[in-house]
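See structure below.
Derivation of every value follows stated rules applied to the coordinates shown; laboratory data play no part. It should be emphasised that the depicted structure is a prediction, and the values quoted were computed from it without experimental measurement. Neighbour counts are summed over all protein chains in view; Cβ atoms, including those assigned to glycine, are modelled from backbone coordinates with ideal geometry.
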Amino acid sequence: MLTIIGTHDQYFTLPAINTTYDRVASAGTHPRFRKNILLAPNENHGVIEGRDDLDTLRAVIGDVHAWLRYSFDGAAAPPETPTVTMRVEGEAMVFSVMVVPGSRPIRTVNVWFATQIDTLPEVANDFASIKLEWTGSDYAGRLPIGAAPPNGAPARPDNILYFAEARDLANFAVTSKMYYRAGELSFCGDFVPLIEHFPGDHLPVPPPPMPNCSCPARQGARGAMTPPWSGEVDR
């Protein structure tokens with residue numbers, strides 16, 4: 001299962017993608033079953049709707065072609081889903097990415113970072129990338145605390161969103177799950193994206209349901225328990 005989705009998808013929000021990835025498993029009928037994610041930075045539900053449509057289209061077609069060849073022709077396997085850790089060293093955030101190659105060597109690894117997800121502009125532009133270097137055991141890179149993404153607040157350990165993208169020599173691009181602060185983004189966190197209405201829809205937005213997860217709801221401003229993803233998420 002290859003999940004291709006924009007970081008700014010208005011209908012399938014990022015914690016849902018992380019949760020879906022975690023819960024999908026093989027039915028046990030095929031030993032070659034695997035799952036990967038391909039997050040398209042700054043793209044919305046349509047994926048191919050940004051300012052770099054041709055480049056994005058070329059990359060997505062190449063990845064789908066390689067995936068179908070792996071699935072049905074026994075061709076090269078993609079890399080495993082990368083994992084990311086972030087720690088603070090002095091005045092910088094240090095990213096460490098572990099990625100197990102598939103059938104071909106890894107060519108490049110980048111980390112994409114942002115401090116907001118705003119789906120209201122016609123062309124979203126919240127994520128920027130930094131290239132990581134191979135250290136002999138992982139891929140690592142540094143981002144100064146206070147570095148400015150294209151839009152949003154300066155990046156700090158308490159507001160940063162990030163994910164890793166790995167590309168190999170078989171034309172595969174795979175990404176990690178989305179991370180927030182020092183861990184994976186989840187419904188139980190306090191990050192709230194800004195999500196637009198479906199075009200032409202003027203119905204009021206119902207409040208989000210309480211998440212069915214193990215972590216406790218966070219305290220509201222007056223001490224009341226509130227859903228972690230409550231708040232105004234549309235305009």
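Shape descriptor for region 2-184: Rg over Rh equals 0.96 (Cα atoms; Rh from the Kirkwood inverse mean 1/r). Relative to the current alpha-carbon distance between LEU54 and THR83, full extension at 0.36 nm per residue lengthens the span by 7.6 nm. Taking amide H atoms as placed 1.01 Å from N in the peptide plane, the amide H of ALA92 lies under 5 Å from those of ILE145, each 5 or more residues away in sequence or on another chain.
Annotation: amide H of GLU43 within the under-5 Å range of THR7, HIS8, sequence separation 5 or more or interchain, hydrogens built in the peptide plane.
Starting from one equal scatterer on each C-alpha and no solvent at all, send me the Debye-based log10 I(q)/I(0) for region 10-75 at q = 0.12, 0.20, 0.22, 0.29 Å⁻¹, two decimals. The Debye formula, applied to the Cα set alone, gives -0.42, -1.00, -1.08, -1.20.
For region 40-144, the C-alpha radius of gyration sits at 1.25 times the compact-globule guess of 2.2 N^0.38 Å, with N the residue count. Sequentially through region 22-27, phi angles give Karplus couplings (6.51, -1.76, 1.60; θ = phi - 60°) of 5, 8, 6, 9, 5, 6 Hz, Gly and Pro residues having no value and appearing as x. About its Cα centre, the dipole of region 109-156 is roughly 200 debye, where the only charges are +1 on Lys and Arg Cβ and -1 on Asp and Glu Cβ.
Could you calculate the FRET efficiency of ASP158 with ILE130 from 1/(1 + (r/R0)^6), where r is the beta carbon distance between them and R0 is 25 Å, rounded to 0.05? It would help to have the intermediate numbers written out before the result.
Details: r = 19 Å, r/R0 = 0.76.
E(calc), rounded to 0.05, equals 0.85.
Put a plus charge on the Cβ of each Lys and Arg, a minus charge on the Cβ of each Asp and Glu, and nothing anywhere else: the dipole of region 2-184 about its Cα centre is then about 580 debye.
The simple Förster model, with R0 at 22 Å and r as the Cβ-Cβ distance, assigns ARG32 and ARG104 a FRET efficiency of 0.85.
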